[in-house]
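Structure first, then comments.
The values are calculated or read from the model by the stated rules, or taken from the named source; none is laboratory data. Keep in mind that this is a model prediction, so the values were computed, not measured. Cβ coordinates were reconstructed from backbone atoms using ideal geometry, including for glycine residues, and neighbour counts include every protein chain displayed.
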Amino acid sequence: MMRRGLPSILLLLLSASAAHAQDQPAPAAPAASAAVSLEQAYRREFALLSAQRRELQARIAEARDQLAKESERLRGEIAALERRLLAARREQGDLEEAIAQAEREAAAAAEIADLLKVTFLQAEATLSGYGLGTPASGDEGERLRAVFAEAVSLLGRLSSRRVERGRFFRADGAEVEGEIVRLGQIAAYGIAPEVAGALAPAGAGRLRIWPEPAAEAARALARGQVASPLPIFLFESLNAAVEPGRRLGPIEHIQQGGVIGWVIVFLGFAGAVMILLRIAFLHRSSADVDRILDRVGAHVRAGRIQEAIEAAKQIKGSAARVVTATLRNLDREREHLEDIISEAILNENGRLNRFGTVILVIAGVAPLLGLLGTVTGMIQTFDIITEFGTSDPKLLSGGIAVALVTTELGLIVAIPTLLIGSLLSGWAERIKDEMEKVALRVVNLGLEARERATA
């Protein structure tokens, strides 16, 4: 509006200047007229500008109303589009869930079809062995019901007690013919004129008499009776032969431990011999203590030291030698005499502790040898696994036997040897204490006899 108003003002100024130039002869009157014209021009321009301003404000208000209406319309369209988008997304989720459910149902139907196919094949393979068949065509439900009916009927027949003629092997390997009493498919008994008993798998679907006696039970079952208790051998299949277990003797059991097992047994035997000898030595020394005091005490009280020495010499053993050394030095001072007694007991210490250290060494070495055998056996087992794998357990049994048998033998030798050796060491210490008490008792009796003689 201002740019349109400026040319109008300029035109008015130019016209005013021209009028002033034409009216030169009367200068005072034209100046007043020019001022009036300029003010009128300004007023007309102001009125024009005001009108334009109002027109523009009206247009702006109209534009704003139209913009507000357009914005409201667009917001409505956007909200409608958002609702349609949410509805489309929900529909998409429902369709995806329906597709997933259809896929699951299809997978389940395929799995059921495969399961039915396998079931029919297994049923045909199982029932054909008993002369029975399965329907080859028809509805799957009808075929399945027919198969289960045949299976239930067969299971009822097989799970009952039945008697049939057949052949089986005796314990010595000879084949005989007789009656076979079957208890379902898990146990059987054979009855022939010369033999009867429980039957065990012999391989390839054959049966053999089990060594455990069960003749009376077999004959009772053949008559329709049940023996109590019922000796029975349960089996799962007749395809693999079952051999009766053989009990190993002591020598065979030790041989399973190998060289280390025999070394442990030798140490155990040596330890047992030493224990017996040590018990004999300690028993004799313990008995000598009481007997020496009975024989020597009366002579010492009477002051007959030489006779007491002769009586002590007649008794053999460590205690007798300690008492003899004490009697020979009764005339010495008590402190000196106690030192002599201690020296005599120390001289006998080696005899009382005979084999004691060796017994405890054997008790400590035996479990270590067992541990050595365990390590050796495990090394053998891993060598076999490396070379042959783990398919045959019999190949692994050798190394495992060495590992376990040597540990067992080591503990069998070590436990009683350590226990008895400790008890014998305590017994020897008690004998030393008793020897010291007897020697001091003899010293006291000698001093009492000396005091009575001087009084």
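Please indicate, with yes or no, whether at least one residue in region 399-419 is part of a helix (DSSP H, G or I), modelled with pLDDT under 80 and not polar (S, T, N, Q). Checked region 399-419: at least one residue is part of a helix (DSSP H, G or I), modelled with pLDDT under 80 and not polar (S, T, N, Q).
Taken over region 349-380, the criterion of being over 30 Å from Gly261 (Cα atoms) and surrounded by fewer than 21 Cβ atoms within 10 Å (Cβ to Cβ) is satisfied by Asn349, Gly350, Arg351.
Yes/no per residue for (1) modelled with pLDDT of 80 or more; (2) surrounded by 13 or more Cβ atoms within 10 Å (Cβ to Cβ); (3) closer than 26 Å to Val152 by Cβ:
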| position | (1), (2), (3) |
| --- | --- |
| Val163 | no, yes, yes |
| Gly166 | yes, yes, yes |
| Phe169 | yes, yes, no |
| Ala174 | no, no, no |
| Ile186 | no, yes, yes |
| Gly197 | no, yes, no |
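Restricting attention to region 204-226, the residues that are part of a loop (DSSP other than H, G, I, E, B) and either more than 43 Å from the chain's Cα centre (by Cα) or of a type in the set (Phe, Trp, Tyr) (or both) total 5.
Applying the condition of being in contact with a Leu (Cβ under 7 Å, 6 or more places away or on another chain) and not charged (D, E, K, R) to region 297-306 and asking which residue is farthest from Ile431 (Cα to Cα) yields Ile305. The one condition from (1) over 21 Å from Leu230 (Cβ atoms); (2) in a loop (DSSP other than H, G, I, E, B); (3) of a type in the set (Asp, Glu) that Glu177 does not meet is (2).
Just to be sure before I move on: is Leu56 in a helix (DSSP H, G or I) and in contact (Cβ under 8 Å) with a residue 40 or more places away in the chain in the structure I sent? Yes: the conditions hold for Leu56.
Quick one: which residue in Glu348, Glu335, Glu387 is in a helix (DSSP H, G or I), in contact (Cβ under 8 Å) with a residue 60 or more places away in the chain and among the charged types (D, E, K, R)? Break it down into steps so the answer makes sense when it comes.
Numbers: Glu335 fails: in contact (Cβ under 8 Å) with a residue 60 or more places away in the chain; Glu387 fails: in contact (Cβ under 8 Å) with a residue 60 or more places away in the chain.
Result: Glu348 is the single residue among Glu348, Glu335, Glu387 that is in a helix (DSSP H, G or I), in contact (Cβ under 8 Å) with a residue 60 or more places away in the chain and among the charged types (D, E, K, R).
Right, Leu127: assigned to a helix (DSSP H, G or I) and either loosely packed, with under 12 Cβ neighbours inside 10 Å or modelled with pLDDT of 75 or more (or both) or not? It is false that Leu127 is assigned to a helix (DSSP H, G or I) and either loosely packed, with under 12 Cβ neighbours inside 10 Å or modelled with pLDDT of 75 or more (or both).
Would region 349-368 turn up any residue that is hydrophobic (A, V, I, L, M, F, W, C), in the same structural domain as Ile279 (by TED's automatic domain parsing) and more than 48 Å from the chain's Cα centre (by Cα)?
For region 349-368, residues hydrophobic (A, V, I, L, M, F, W, C), in the same structural domain as Ile279 (by TED's automatic domain parsing) and more than 48 Å from the chain's Cα centre (by Cα): present.
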